[in-house]
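The values are calculated or read from the model by the stated rules, or taken from the named source; none is laboratory data. Since the model is a prediction, treat every value here as computed from it, not as a measurement. Ideal geometry is used to build each Cβ from the backbone, glycine not excepted, and the neighbour counts take in all protein chains shown.
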Amino acid sequence: MTPFFIADRNRKYTNFTAKIITILISIITIIGLITYRIKETNETTKPQPEVVNPAMVAVTALGRIEPEGEVIQVFPPASTESARIQQLWVKQGDWVKAGQALAMLDNYPRRLAAVKTAQEDVKVAQAQLMQVQAGAKQGDLQAQQAEIARLVAELQNAQVEESRYRSLYAQGAISASQYDRQRLQMQAAQRQVNQARASFNSLAEVRPVDVQLYQAQIRQARAKVVQAQAELDLSVVRSPRSGQILKVHTFPGEMVGSQGILNLGNTTQMVVVAEIYETDIHKVRFGQIATITSPSLSQPLSGTISQLGLEISKPNVSDINSSTNIDTRVMEVRIRLNPESSRIVAAMTNLNVDVSIGLEQ
């Protein structure tokens, strides 16, 4: 073969091969496009899985720490207006029992004097009753008896004279007027004797009405003692219950103000008062576990819900970092801290805390 023929044949073979390759590439490309379209269509028509939002696992709220039974502000009785403290027998941190004397007001000495005066009035009334029951003095009775004896003697003389004058009048020796004058003297003597005897009986008699009068006076005097003692007791301020003195507001010499004399609380058991938003109230139940945190605490506290509030109100605990609507309303829920957590915050009454109440999944 000539070289020209061989070159021409090689050129035709090369062109044929290129065409085959081009056709194969086109077929592969078409198959790829078809496969992509089918896959895309399947993915488009495939149902998408439902997106489920994760359920809330906790209710959060703001709260404050306080002793169980709340903090009590101890005031003097309402009847002791404008009272000043004369003596204070406790200090901050002291433990007191129910009924223990805490302070004495400055009106105590005056009221103590009133009690003593009333007691003396009772003694006077009792002495007067004894005097009435004993009757008249023996000397007075003897003097009255002597007076009666003298008057009886005069009466006897008058009777003798009346008898003599009557005989003379019968004989016509004297006039009727003379006899009448003597008879009247005898009658006057008789009246004097009768009056003296009545006076003696009055002195010797103990009348029930007099006894009743002085008995009533004794009862009245004793009632005044009870009243004076009650007013005296109001001058001593006593603890309404057992607890610890949290803070003293009024010291000796100072007038009791709007904060009272002192604050008292049972810090042996502390609680957290959590303010639950009204939209979350239905999620809260008795016995749920709560976790309490605060920057002031070195570790989280733990407790359980022990009491649910009965009314909705405005919050008392505010979050300075929150832009919560001022119309927010909450319900107070009390969380009883466990013993260890209670011990940690025994000296942190009114500390603001963050509360997280765990919910069932």
### Query
Looking at segment 337-356, which of its residues are part of a loop (DSSP other than H, G, I, E, B) and more than 26 Å from the chain's Cα centre (by Cα)?
N338
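Listed here are the residues, each with its yes/no results for (1) under 24 Å from Q128 (Cα atoms); (2) part of a helix (DSSP H, G or I).
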position: S163; (1), (2): no, yes
position: L168; (1), (2): no, yes
position: A173; (1), (2): no, no
position: S177; (1), (2): no, yes
position: R183; (1), (2): no, yes
position: R197; (1), (2): no, yes
position: A221; (1), (2): yes, yes
position: A228; (1), (2): yes, yes
### Task
Please enumerate the residues belonging to segment 170-182 that are exposed (fewer than 14 other Cβ atoms within 10 Å of the Cβ) and more than 20 Å from E154 (Cβ to Cβ).
A170, Q171, G172, A173, S175, A176, S177
### Query
Going by the conditions given, is A173 aliphatic (A, V, I, L, M) and more than 30 Å from W95 (Cα to Cα)?
yes
### Message
Residue pairs, Cβ under 6 Å, 6 or more apart or interchain, first in segment 92-105 and under 16 Å from L246 (Cα atoms) and in contact (Cβ under 8 Å) with a residue 24 or more places away in the chain, second of a type in the set (S, T, N, Q) and assigned to a strand (DSSP E or B). List them.
### Response
W95/Q244
## Note on the structure
Scanning segment 213-237 residue by residue, the ones that are surrounded by 15 or more Cβ atoms within 10 Å (Cβ to Cβ) and charged (D, E, K, R) total 3
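Have a look at Q217, Q212 and point out the one that is closer than 30 Å to Q142 by Cα, in the same structural domain as L129 (by TED's automatic domain parsing) and either in contact with a Leu (Cβ under 9 Å, 6 or more places away or on another chain) or not aliphatic (A, V, I, L, M) (or both).
The unique qualifying residue is Q212.
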#### Entry: Qualifying position, being in contact with a strand residue (DSSP E or B) (Cβ under 9 Å, 6 or more places away or on another chain) and not aromatic (F, W, Y), among L234, L213
L234
### Message
Consider segment 75-92. How many of its residues are modelled with pLDDT of 95 or more and farther than 16 Å from G253 by Cα?
### Response
1
### Message
For segment 117-129, check the following and say yes or no: at least one residue is in contact with a strand residue (DSSP E or B) (Cβ under 8 Å, 6 or more places away or on another chain), crowded, with 17+ Cβ neighbours inside 10 Å and hydrophobic (A, V, I, L, M, F, W, C).
### Response
no
### Task
Could you please find all residues in segment 87-106 being surrounded by 17 or more Cβ atoms within 10 Å (Cβ to Cβ), among the hydrophobic types (A, V, I, L, M, F, W, C) and more than 13 Å from G265 (Cβ to Cβ)?
L88, V90, L102, A103, M104, L105
### Pairs, first closer than 29 Å to L246 by Cα in segment 52-72, second at pLDDT below 90, C-beta under 8 Å, six or more apart
L62/P315; L62/V317; L62/S318; L62/D319; G63/V317; R64/N316; R64/V317
### Among (1) of a type outside the set (S, T, N, Q); (2) touching a Ser or Thr at 6+ places or on another chain (Cβ under 6 Å); (3) within 30 Å of N266 (Cα to Cα) - the single one R111 does not satisfy
(3)
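Table: residues versus (1) surrounded by fewer than 16 Cβ atoms within 10 Å (Cβ to Cβ); (2) under 30 Å from V124 (Cβ atoms); (3) basic (K, R); (4) within 60 Å of the chain's Cα centre (by Cα).
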| position | (1), (2), (3), (4) |
| --- | --- |
| R164 | yes, no, yes, no |
| L168 | yes, no, no, no |
| L184 | yes, no, no, no |
| A196 | no, no, no, no |
| V211 | yes, yes, no, yes |
